[in-house]
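S.K.: Before I ask anything, let me first share the structure, which is written out below as structure tokens.
The values are calculated or read from the model by the stated rules, or taken from the named source; none is laboratory data. Small disclaimer: the values here were computed from a predicted structure and weren't measured. Note that each Cβ is placed from the backbone with ideal geometry, even for glycine, and that neighbours are counted across all protein chains shown.
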Amino acid sequence: MAAIVWLVAGILLAAAEMLTGDLTLLMLGVAALGTAGVSAVADTTLVVDAIVFGVLTLLLFLGVRPLLRRRFGTPPPTPTNVDALQGKSATVLEEVAAHSGQVKLGGEVWTARPMDESEVYEPGTKVYVMRIEGATAVVWKGP
């Protein structure tokens, strides 16, 4: 009878893993399934089942889970849209000053202003996008 309880618990925990994706419930589910197998074969007591479950859980959390997380973990997010433009180089099309200017950035023309408002960049100058503020690229020539 105890083997059936462990079996059901293992299946439910493994199924619940689909909601979290953290591999925690999966490890507990596999440990419960392993305990169900040991309990069915050896007809063990509840105390022995609990010890088997604890040992299997410990082994899975320390041995298997780190390997699975490295293999199937989510990669760092890739910047998109304006977040991907930071650090890119641009070419000045119209003089970039405190209140006016245009740059060509990734094949598109952007309104631009210098990061240091006292600077002025002439057409043809290569600049770098420091950040995007609304529809304006804040640029810097660099050292």
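S.K.: Among the listed residues Val52, Val64, which satisfies the condition of being at pLDDT 90 or above, over 23 Å from the mean Cα position of the chain (by Cα) and over 30 Å from Gly142 (Cα atoms)? So that I can check it myself, show each step before the final result.
M.R.: Values: Val64 fails: over 23 Å from the mean Cα position of the chain (by Cα).
One residue alone meets the criteria, Val52.
S.K.: Here are some conditions: (1) of a type in the set (Val, Ile, Thr); (2) more than 20 Å from the chain's Cα centre (by Cα); (3) surrounded by 14 or more Cβ atoms within 10 Å (Cβ to Cβ); (4) not assigned by the TED database to the domain that holds Glu133. Val96 meets all but one. Which one does it not meet?
M.R.: Val96 satisfies every listed condition except (4).
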